[in-house]
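Asker: One structure coming up, written as structure tokens, with questions to follow.
The values are calculated or read from the model by the stated rules, or taken from the named source; none is laboratory data. Just so it is clear, the model here is predicted, and its values are computed rather than measured. Reconstructed Cβ throughout: ideal geometry from the backbone, glycine too, with neighbour counts over all protein chains shown.
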Amino acid sequence: MSDKEEMASDGSLNVTLTLRLLMHGKKGETVKKMREESGARINISEGSSPERIVTITGPTEAIFRAFSMITQKFEEDITAAMTNSNLTSKPPVTLRLVFPGSQCGSLIGKGGSKIKEIRESTGAQIQVAGDMLPDSTERAVTISGMPQAITQCVRHICSVMLESPPKAATIPYRPKVIPAGAHAILAPQHSTVSSHMEVI
């Protein structure tokens, strides 16, 4: 058994994985609490870009706990925002994962079979960007739905990552720095989906 593998409490193999999320803003205290309660390592990229890469590393169960907490926090933020708006229906929680391009084929499946299965079994919407993110070999994977559905979706994504390792070295996406003098609004990312999505 390698140092990246350990037995979970139920006797199944608990493998260390890393998932990368694209978020706006920086919530230091919230992240500290999530780190302590989930048991996952959670790091936020530095820099003056409005977009931050949030890296979540740990045994699979710790990753699921972290995602559960993140989606719950987003749900609370949406509810709070709705009290001051005229929205009548609650928008879904939306997360953007940054995913190695070489693993996207396995996530989509032959003729879109895998992504369809994930959508149907979790109730979450999942879309894979058709284009690579700038200067990288990663693509954006947008997941939206109820918090529980998103966490279930992440379970499926972790399974794909374990079953189909990257076929080549991944060039990670790094958000662009904003030039001095430009103003960035640090706000939650709403469900604006790229126009270059895989048509499944």
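Asker: Just the residues that are in a loop (DSSP other than H, G, I, E, B) and of a type in the set (Ser, Thr, Tyr), please, taken from the range 15-36.
Answerer: none
Asker: Any chance the range 77-97 includes a residue that's aliphatic (A, V, I, L, M), within 25 Å of residue 42 (Cα to Cα), more than 13 Å from the chain's Cα centre (by Cα) and not in a helix (DSSP H, G or I)?
Answerer: Keep residues of the range 77-97 that are aliphatic (A, V, I, L, M), which gives 78, 80-82, 87, 93, 95, 97.
From the residues that got through so far, the ones that are within 25 Å of residue 42 (Cα to Cα) too are 78, 80, 93, 95, 97.
Subset that is more than 13 Å from the chain's Cα centre (by Cα): 78, 80.
Subset that is not in a helix (DSSP H, G or I): none.
Among the residues of the range 77-97, not one is aliphatic (A, V, I, L, M), within 25 Å of residue 42 (Cα to Cα), more than 13 Å from the chain's Cα centre (by Cα) and not in a helix (DSSP H, G or I), which makes the answer no.
Asker: Right, here's the next one. Any idea which of 98, 93, 54, 31 is closer than 19 Å to residue 140 by Cα and without any contact (Cβ under 8 Å) to a residue 40 or more places away in the chain?
Answerer: Matching residue, one of 98, 93, 54, 31: 54.
Asker: Tell me which of these residue 170 doesn't satisfy, since it passes every other one: (1) modelled with pLDDT under 95; (2) surrounded by fewer than 17 Cβ atoms within 10 Å (Cβ to Cβ).
Answerer: (2)
Asker: Among what's in the range 37-60 and is part of a helix (DSSP H, G or I) and either in contact with a Pro (Cβ under 8 Å, 6 or more places away or on another chain) or crowded, with 18+ Cβ neighbours inside 10 Å (or both), pick the residue that is modelled with the highest pLDDT.
Answerer: Checking each candidate, the answer is 38.
Asker: I've got another one for you. Please specify each residue of the range 89-104 satisfying the condition of being touching a helix residue (DSSP H, G or I) at 6+ places or on another chain (Cβ under 9 Å) and surrounded by fewer than 15 Cβ atoms within 10 Å (Cβ to Cβ).
Answerer: 90, 91
Asker: Now for a separate question. Let me confirm something: among 107, 133, which residue is on the phi < 0 side of the Ramachandran plot and in a helix (DSSP H, G or I)?
Answerer: Result of the check over 107, 133: 107.
Asker: Please work out if residue 167 is of a type in the set (Lys, Arg), in contact (Cβ under 8 Å) with a residue 40 or more places away in the chain, assigned to a helix (DSSP H, G or I) and out of contact with any Phe, Trp or Tyr (no Cβ under 9 Å at 6 or more places or on another chain). Steps first, answer last, please.
Answerer: Numbers: of a type in the set (Lys, Arg): yes; in contact (Cβ under 8 Å) with a residue 40 or more places away in the chain: yes; assigned to a helix (DSSP H, G or I): no; out of contact with any Phe, Trp or Tyr (no Cβ under 9 Å at 6 or more places or on another chain): yes.
For residue 167, the condition - of a type in the set (Lys, Arg), in contact (Cβ under 8 Å) with a residue 40 or more places away in the chain, assigned to a helix (DSSP H, G or I) and out of contact with any Phe, Trp or Tyr (no Cβ under 9 Å at 6 or more places or on another chain) - is not met.
Asker: Check whether at least one residue in the range 137-146 is small (Gly, Ala, Ser) and either surrounded by fewer than 17 Cβ atoms within 10 Å (Cβ to Cβ) or assigned to a helix (DSSP H, G or I) (or both), and report yes or no.
Answerer: No, the range 137-146 contains no residue that is small (Gly, Ala, Ser) and either surrounded by fewer than 17 Cβ atoms within 10 Å (Cβ to Cβ) or assigned to a helix (DSSP H, G or I) (or both).
Asker: Are any residues in the range 113-130 touching a helix residue (DSSP H, G or I) at 6+ places or on another chain (Cβ under 7 Å), assigned to a helix (DSSP H, G or I) and not hydrophobic (A, V, I, L, M, F, W, C), and if so, which ones?
Answerer: Applying the first criterion (touching a helix residue (DSSP H, G or I) at 6+ places or on another chain (Cβ under 7 Å)) to the range 113-130 yields 114-115, 118, 122-126, 128.
Within this subset, residues satisfying the condition of being assigned to a helix (DSSP H, G or I) are 114-115, 118, 122.
Within the range 113-130, 114, 122 meet the criteria.
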